[in-house]
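The values are calculated or read from the model by the stated rules, or taken from the named source; none is laboratory data. Being a predicted model, the structure only gives us computed values, none of them experimental. Virtual Cβ from ideal backbone geometry, glycine too; neighbours counted across all protein chains shown. Quick note on the areas: whole protein, heavy atoms, side chains included, nothing else; ligands and nucleic acids left out. Shrake-Rupley method; radii C 1.70, N 1.55, O 1.52, S 1.80 Å.
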Amino acid sequence: MHTLSACEITRRFVKKEISAVEVAKHFLNRIKSIDQQVGAYIEVFEASVLEQADRLDVKRRGGEPLGKLAAVPVAIKDILNIKGHRTTCGSKILSNFIAPFDATVTRRIKEEDGLIIGKTNLDEFAMGSSCEHSAYKVTRNPWNLQLVPGGSSGGSAASVAAECATLSLGTDTGGSIRLPASFCGVSCLKPTYGRVSRYGLVAFASSLDHVGPFAYRCEDLERIMEVIGVHCEKDSTSSPVPPFKPVVWEEKFGKGFRVGVPWQFLEKLSPESRSLFDRSLSHLKQLGGQIVDVDLSILDYAIAVYYILNTAEASTNLARFDGIRYGLRSGRAKTLDEVYDLSREEGFGDEVKRRIILGTFVLSSGYQDAYYHKAQKVRQLIINKFDEAFARCDAIAMPVSTSGAFAFGAKQDPLSMYLEDIYTVGANLGGLPAISIPAGQLQDGRPIGLQLMSPQHTDAELLAMGKAFQSITDYHTKRPRI
Ligand code: GLN
């Protein structure tokens, strides 16, 4: 059952070949036997998923219409609200916070009969690239338990990679969906900014945050995008566009298409990753793609811009965690000031504190012009350069990272961790859709993803391209031995 695609599970369920309770039980058992090693889940919804499955079986028996995700087990990153369950954000400060409402995405998944099976681990408040900065546990890479799964949505990527969920949701502020997808050998989409609602997502950096899905196959990403890619009135940045609708590859690109490659920006790539990247380009050519050179050397500034803007936004977004309104309150506090100071001191981990301090600095009156405002201007220049590049091509191909997954503790210096995001932050600064799809393995077995990005609101075209790639390759059919 765990090897089936989401589309196939729903098909069999609708045809009454399997029941939702069978699916739920199968996955719960699988999680029990495997997740002790992987650690993808912070919480497994044993009772509620069985209840949900039971209700769904009753619905089917009653002949009612069944949803687009009927009987598909979906795991949710623990930074998205599910009513009545904890939303910890991987942080001590929210260890006792129970969500009073559903995020729009979780509401939509329930409405379309997806089975919400649990919450997955993450770097605290989604800040990180390795999943090592969770206050709760370590998540391991299912392909090699000595390696990180990537982050910050490491639990969501690992849950799908280990086939302990068929679909999962993560969030991507600077690469947190694409990096773990690449490291764990699964597919993903970071949608266009505003395509998927952020209502009920705990904000990290609001102008950069995106919600998006993981699955092995692009057709499953399409399926869940039909569910979550809808306008949401409760998110003021949700684009007022028609719901996501898959496009047919032949109609869009059957006569040929152009893929831009920013060659001069790819010098940092290891030789082995470079040869896998070249092989991916040859697959795109096989599909009718013409490779053109695009100039994105401005992305040399992307990391600097991204780490100024995300810290600035994080420092204001996280001001609400003060020991008064949400979550943990220090037992040592005797005065009001101590409630604020000690609750934050005890509740936040080092990386979160580092970002709040840096963000407060770049927003301070003396430095706002030198850092924050300048970074905003460079962000606009980056957007302009992407526009110029897309005048020459339909999609841009890039690696996801300079190499594959790394060992626990390998990146002690925060800056070296930040540099992992070199190829991913551009799409967030531009609000562009981007996918990562499995593109093979390094000689030591570590999976590597291919990243494709395209103009805003061409998410469906991008997934069609991913599907076409998967129709002539078998990288996405490889599974870790676990
Ligand atoms: N690694 C990046 C960071 O630490 C991206 C995080 C994310 O996308 N949530 O900010």
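Six or more apart or on different chains, Cβ atoms under 9 Å: show the pairs whose first residue is in segment 401-428 and touching a residue at least 40 places away in the same chain (Cβ under 8 Å) and acidic (D, E) and whose second is more than 12 Å from the ligand (Cβ to nearest atom) and open to solvent by 30 Å² or more (accessible area, probe 1.4 Å).
E420/T402
Give the residue that is farthest from R481 (Cα to Cα), with candidates limited to residues of segment 13-44 that are open to solvent by 80 Å² or more (accessible area, probe 1.4 Å), in contact (Cβ under 8 Å) with a residue 12 or more places away in the chain and among the charged types (D, E, K, R).
Only one residue tops the list, namely K16.
Is there any pair linking a residue in segment 439-466 that is within 13 Å of V259 (Cβ to Cβ) to one that is in a helix (DSSP H, G or I) and among the charged types (D, E, K, R), with Cβ under 7 Å and at least six apart or on different chains, and which?
Filtered contacts from segment 439-466: Q451/R178; S454/E461; E461/K252.
Checking R178 against (1) more than 16 Å from the ligand (Cβ to nearest atom); (2) under 23 Å from A304 (Cα atoms); (3) in contact with a strand residue (DSSP E or B) (Cβ under 7 Å, 6 or more places away or on another chain), only one condition comes out false. Which one?
Evaluating R178 over (1) more than 16 Å from the ligand (Cβ to nearest atom); (2) under 23 Å from A304 (Cα atoms); (3) in contact with a strand residue (DSSP E or B) (Cβ under 7 Å, 6 or more places away or on another chain) leaves (1) as the failure.
All but one of (1) closer than 26 Å to H457 by Cα; (2) touching a Leu at 6+ places or on another chain (Cβ under 8 Å) hold for T311; state the number of the condition that does not hold.
Among (1) closer than 26 Å to H457 by Cα; (2) touching a Leu at 6+ places or on another chain (Cβ under 8 Å), the lone unmet condition for T311 is (1).
Return yes when R392 is more than 16 Å from the ligand (Cβ to nearest atom), of a type in the set (K, R) and over 28 Å from G229 (Cβ atoms) and no when it is not.
No, not satisfied.
For segment 68-103, what are the residues that are open to solvent by less than 10 Å² (accessible area, probe 1.4 Å), part of a loop (DSSP other than H, G, I, E, B), in contact (Cβ under 8 Å) with a residue 40 or more places away in the chain and hydrophobic (A, V, I, L, M, F, W, C)?
Answer for segment 68-103, where residues must be open to solvent by less than 10 Å² (accessible area, probe 1.4 Å), part of a loop (DSSP other than H, G, I, E, B), in contact (Cβ under 8 Å) with a residue 40 or more places away in the chain and hydrophobic (A, V, I, L, M, F, W, C): L69, A70, A71, V72, I79, C89, A99, A103.
Please specify each residue of segment 295-322 satisfying the condition of being away from the ligand (no atom under 12 Å from the Cβ), of a type in the set (D, E) and closer than 29 Å to L342 by Cβ.
Matches in segment 295-322: D322 only.
Might you check whether a residue that is assigned to a strand (DSSP E or B) and of a type outside the set (G, A, S) occurs anywhere in segment 452-467?
Taking every residue of segment 452-467 in turn, at least one turns out to be assigned to a strand (DSSP E or B) and of a type outside the set (G, A, S).
Sort through V294, V352 and tell me the only one that's in contact with a Gly (Cβ under 6 Å, 6 or more places away or on another chain), β-branched (V, I, T) and either at pLDDT 95 or above or within 30 Å of A391 (Cα to Cα) (or both).
Of V294, V352, the one residue that is in contact with a Gly (Cβ under 6 Å, 6 or more places away or on another chain), β-branched (V, I, T) and either at pLDDT 95 or above or within 30 Å of A391 (Cα to Cα) (or both) is V294.
Read through the list (1) among the small types (G, A, S); (2) open to solvent by less than 10 Å² (accessible area, probe 1.4 Å); (3) within 13 Å of the ligand (Cβ to nearest atom), then give the number of the only condition that G118 fails.
Just one mismatch for G118, condition (3).
Select, from H210, H133, the only residue that is within 10 Å of the ligand (Cβ to nearest atom), modelled with pLDDT of 95 or more and open to solvent by 10 Å² or more (accessible area, probe 1.4 Å).
After ruling out the rest, the residue left standing is H133.
Considering only segment 280-294, how many residues are touching a residue at least 60 places away in the same chain (Cβ under 8 Å), of a type outside the set (A, V, I, L, M, F, W, C) and either within 16 Å of the ligand (Cβ to nearest atom) or surrounded by fewer than 15 Cβ atoms within 10 Å (Cβ to Cβ) (or both)?
Number satisfying all stated conditions: 1.
For segment 221-279, give me each residue that is within 28 Å of S5 (Cβ to Cβ) and β-branched (V, I, T).
Within segment 221-279, I224, V227, I228, V230, V241, V247, V248, V259 qualify.
Only one residue in G359, G331, G327, G347 is farther than 30 Å from Q264 by Cα and at pLDDT below 95. Which one?
Selected residue: G327, the only one of G359, G331, G327, G347 that is farther than 30 Å from Q264 by Cα and at pLDDT below 95.
Among the residues of segment 51-67, are any open to solvent by less than 10 Å² (accessible area, probe 1.4 Å) and under 30 Å from G409 (Cβ atoms)?
So far as segment 51-67 goes, no, none of its residues is open to solvent by less than 10 Å² (accessible area, probe 1.4 Å) and under 30 Å from G409 (Cβ atoms).
Do we have G349 as more than 26 Å from I98 (Cα to Cα), within 16 Å of the ligand (Cβ to nearest atom) and touching a residue at least 40 places away in the same chain (Cβ under 8 Å) here? Break it down stepwise before answering.
Values: more than 26 Å from I98 (Cα to Cα): no; within 16 Å of the ligand (Cβ to nearest atom): yes; touching a residue at least 40 places away in the same chain (Cβ under 8 Å): yes.
No, not satisfied.
Considering only segment 32-54, state which residues are over 20 Å from E132 (Cα atoms) and of a type in the set (F, W, Y).
Once the filter is applied, which keeps residues that are over 20 Å from E132 (Cα atoms) and of a type in the set (F, W, Y), segment 32-54 yields only F45.
Hey, could you check segment 404-431 for residues that are in a loop (DSSP other than H, G, I, E, B) and within 12 Å of the ligand (Cβ to nearest atom) and say which is surrounded by the fewest Cβ atoms within 10 Å (Cβ to Cβ)?
Selected residue: K411.
Evaluate the following for S275: is it open to solvent by less than 80 Å² (accessible area, probe 1.4 Å), without any contact (Cβ under 8 Å) to a residue 12 or more places away in the chain and over 26 Å from S207 (Cα atoms)?
So S275 passes the test.
Among the residues of segment 216-253 satisfying the criterion of being free of Cβ contacts under 8 Å to residues at least 40 places away in the same chain and assigned to a loop (DSSP other than H, G, I, E, B), which is nearest to the ligand (Cβ to nearest atom)?
Result: S236.
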